[in-house]
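Take a look at the structure below.
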Amino acid sequence: IGETDDDLEEEEDDEEDYDADASLELRFAVCRGQSGRVEALLKKKANLLQEDRHGWNCVHWAASRGYVDVMEVLLEHHKRRGKRLRPLLLRRDGKLAGWTPLHIAAVCGHLDVAKLLLSYGASRRRKDHMGEYPFGVIGKGRHAKTLLRLLHPRPHLLPDADADAHLSDTEKTRRRKQ
């Protein structure tokens, strides 16, 4: 059961209220992990929702870089402005795979960012343009198993990876073939 676009009634921002130069500088500060600078630029009317040529906004970039502190600054700022977080967290990139910030955190292996996004209301059930959930795009990194358990909508149905931990690789292969 995936999230639909009907779940996303986004609030429109008045573009005239934003400083275009500050918005571009904001994206650079997000990509560098400069949380203090991000906060200062948001106070200068930088637009965290401004998309780049790939359809990514600052929240997508913070997720890709794994900057928990920057992500928290962005989300708290959005919330303080009286904006709803759910449309922001469910927003897919406009031109690439249709990934939400949670998809991006998953594919990049950023466990702490994924936890933060979920704590702010991101959905495990939002599909990308290919029909993949965030757990379906998890890369092969050191947090892959933990991310799978965190992001899978029914983690209790996953096999217990630790149950066979004591077996040799040969025995594990033999059991899988049975």
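The values are calculated or read from the model by the stated rules, or taken from the named source; none is laboratory data. Just so you know, these numbers come straight off a predicted model, no measurement behind them. FYI the Cβ positions are ideal-geometry reconstructions off the backbone, even for glycines, and counts take in every protein chain you see. The area values use the complete protein model at the heavy-atom level, side chains included, leaving out ligands, DNA and RNA. Shrake-Rupley method; radii C 1.70, N 1.55, O 1.52, S 1.80 Å.
Tell me, yes or no, whether the range 10-33 has at least one residue that is closer than 19 Å to ARG126 by Cβ, part of a helix (DSSP H, G or I) and modelled with pLDDT of 95 or more. Looking through the range 10-33, none of the residues is closer than 19 Å to ARG126 by Cβ, part of a helix (DSSP H, G or I) and modelled with pLDDT of 95 or more. Of all residues in the range 126-134, one or more are of a type in the set (A, V, I, L, M), free of Cβ contacts under 8 Å to residues at least 40 places away in the same chain and out of contact with any Pro (no Cβ under 6 Å at 6 or more places or on another chain).
The conditions are (1) at pLDDT 90 or above; (2) surrounded by fewer than 18 Cβ atoms within 10 Å (Cβ to Cβ); (3) of a type outside the set (Lys, Arg), and SER123 fails exactly one of them. Which is it? For SER123, the exception is condition (2). On inspection, GLY109 fails the criterion of being farther than 17 Å from LEU90 by Cβ, exposed (fewer than 15 other Cβ atoms within 10 Å of the Cβ) and touching a Gly at 6+ places or on another chain (Cβ under 7 Å).
Yes or no, residue by residue, for (1) open to solvent by less than 70 Å² (accessible area, probe 1.4 Å); (2) not charged (D, E, K, R):
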residue: ASP21; (1), (2): no, no
residue: ARG27; (1), (2): yes, no
residue: GLN50; (1), (2): yes, yes
residue: SER64; (1), (2): yes, yes
residue: VAL68; (1), (2): yes, yes
residue: TRP99; (1), (2): yes, yes
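The residues of the range 52-61 that are outside any loop (DSSP other than H, G, I, E, B) and open to solvent by less than 10 Å² (accessible area, probe 1.4 Å), listed by number, are CYS58, VAL59, HIS60.
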